[in-house]
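Contents: one structure, followed by commentary.
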Ligand code: ATP
């Protein structure tokens with residue numbers, strides 16, 4: 001069963017007079033292919049459970065649509081959706097045996113006893129608890145109880161399996177074992193499964209696709225490794241990885257990345273228009289010990305962990321109390337060194353704008369423009385509003401700032417389009433553009449009119465940076 005979520009939004013009204021409504025889920029759109037195991041991941045309160053409850057029918061959306069294959073189920077009653085739901089707290093009936101608990105949904109569906117027994121046994125075998133059928137829940141371990149809950153969800157032969165933090169009540173060892181179990185059961189049954197967790201390691205280890213959420217808003221969707229290797233913003237980079245990514249306050253000037261005055265990386269192709277304060281994210285495995293390296297860390301202590309050494313260090317520009325570097329345990333380090341120097345692996349270093357915290361991936365596109373009567377114009381077309389006074393400006397637009405729209409304000413002549421992963425990369429031109437070509441990165445689901453050489457775009461206001469045309473100083 002394919003699940004399509006279109007512009008799903010849930011707003012809970014304020015409970016107190018004059019209080020604020022809670023935007024639990026905002027404009028969520030995802031397509032989950034049939035048979036996938038998808039993880040909704042994010043910190044407490046980010047809207048994971050609300051999304052799951054809307055999928056199950058227990059909560060109704062404020063707006064947006066949910067489709068199971070081609071059927072619109074947005075307003076369909078929960079019991080008609082063919083959904084199996086498993087909660088964190090198992091919710092088993094204490095007075096019933098395991099068998100009775102598993103069979104319970106079938107009894108409600110008035111399925112004959114013999115067939116019910118056979119299906120309960122099949123479901124119990126799938127989760128490997130067929131020897132425990134006569135026990136009561138209090139005679140089972142937490143992991144076994146959770147398997148009963150999963151068997152009870154599977155016995156209905158659901159089209160979709162929804163799991164809400166199913167491992168939270170288990171101890172560390174059982175969690176590990178049960179998450180492998182869930183993956184095995186999901187693979188065996190091929191049921192499209194949505195799994196809610198706030199544990200990034202759990203999501204990364206079992207999901208085909210992860211949906212990372214923050215404050216009700218989807219931050220990134222993709223395969224776990226792809227998101228780890230290519231995070232969209234500081235939040236996502238910080239949320240994934242053990243030990244977590246190291247974050248430093250730094251500067252990005254004329255294509256050079258510096259932290260604490262040391263130039264630690266160069267990214268050619270950027271101009272002075274791209275200069276800005278940045279957060280520099282470096283994964284722990286991104287440090288390579290080199291006596292002549294450009295990045296100096298003050299060593300606190302070194303831990304040896306199997307095949308790796310973990311260097312626990314400090315740096316005055318780090319936003320966290322300690323910096324963690326993971327290097328091969330064969331690397332010989334000078335004894336009792338209080339300072340070590342490193343080279344940084346380019347694919348383990350990410351830049352994020354200090355304002356907005358979005359990833360800086362590509363150079364800005366810079367256009368000649370004007371501020372006229374509270375509007376930012378390029379080639380005479382108003383593309384954004386501003387409170388700045390009238391003047392000539394350079395308008396910097398990051399490649400992710402364009403939204404294709406037939407009524408959009410900015411026309412671009414497109415010379416090349418290429419689909420890579422979940423994005424479409426466009427190369428285009430505009431008479432007011434100061435750079436050789438305009439580079440745009442737009443969502444892969446954007447329907448581009450075929451063969452059109454000119455496309456129109458709207459520009460996302462938070463992706464625009466303005467510079468005074470005379471001084472080239474950034475305007476804020
Ligand atoms: P957790 O991991 O803690 O379960 P979550 O990511 O599943 O968190 P939700 O339970 O979906 O988050 O809640 C999202 C937001 O909606 C939170 O701010 C929560 O307080 C709010 N919320 C959830 N249910 C209701 C409700 N019935 N009425 C009002 N606000 C609600």
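Note on residue 63 and residue 294: the model spin-label points, each 7 Å out from Cα along the C-beta direction, lie 4.7 nm apart. The residue 310 and residue 474 beta-carbon pair, evaluated with R₀ = 30 Å, returns a calculated FRET efficiency of approximately 0.15. Working note: 222 nm ellipticity from helices only, DSSP H runs with n ≥ 4, each -39,500 (n - 2.57), summed and divided by the residues of the chain, gives -5500 deg cm²/dmol to the nearest 500.
Annotation for the stretch 391-466 versus the stretch 116-194: alpha-carbon center distance of 48 Å. Axis of helix 172-189 versus longest Cα principal axis of the chain: the two differ by about 80°, to the nearest ten degrees. Each label point was placed 7 Å from the Cα along the Cα-to-Cβ direction; for residue 141 and residue 7 their separation is 5.0 nm. Considering all C-alpha pairs of the chain, those separated by over 44 Å amount to 28%. Compactness of the stretch 243-360, taken as the C-alpha radius of gyration over 2.2 N^0.38 Å, stands at 1.06. Measuring r between the beta carbons of residue 301 and residue 229 and using R0 = 41 Å, the FRET efficiency lands at 0.90.
Once you divide the Cα radius of gyration of the stretch 373-420 by 2.2 N^0.38 Å, the number left is 1.36. Exposure proxy shown here: for 324, 416, the number of other Cβ atoms within 10 Å sets the order, fewest to most, as 416, 324. Annotation: extensible slack from residue 333 through residue 385 equals 13.2 nm (criterion: 0.36 nm per residue apart, minus Cα-Cα distance).
Between residue 112 and residue 320, the contour length at 0.36 nm per residue exceeds the Cα-Cα span by 68.8 nm. On the basis of the beta-carbon distance and an R0 of 45 Å, residue 447 and residue 125 show a calculated FRET efficiency of 0.45. Placing dummy labels 7 Å off each Cα toward the beta-carbon, the span from residue 72 to residue 31 is 1.9 nm.
Throughout, read-outs are computed from the coordinates displayed, never taken from laboratory work. Bear in mind that the values here come from a model prediction, so they are computed numbers and not experimental data. Ideal geometry is used to build each Cβ from the backbone, glycine not excepted, and the neighbour counts take in all protein chains shown.
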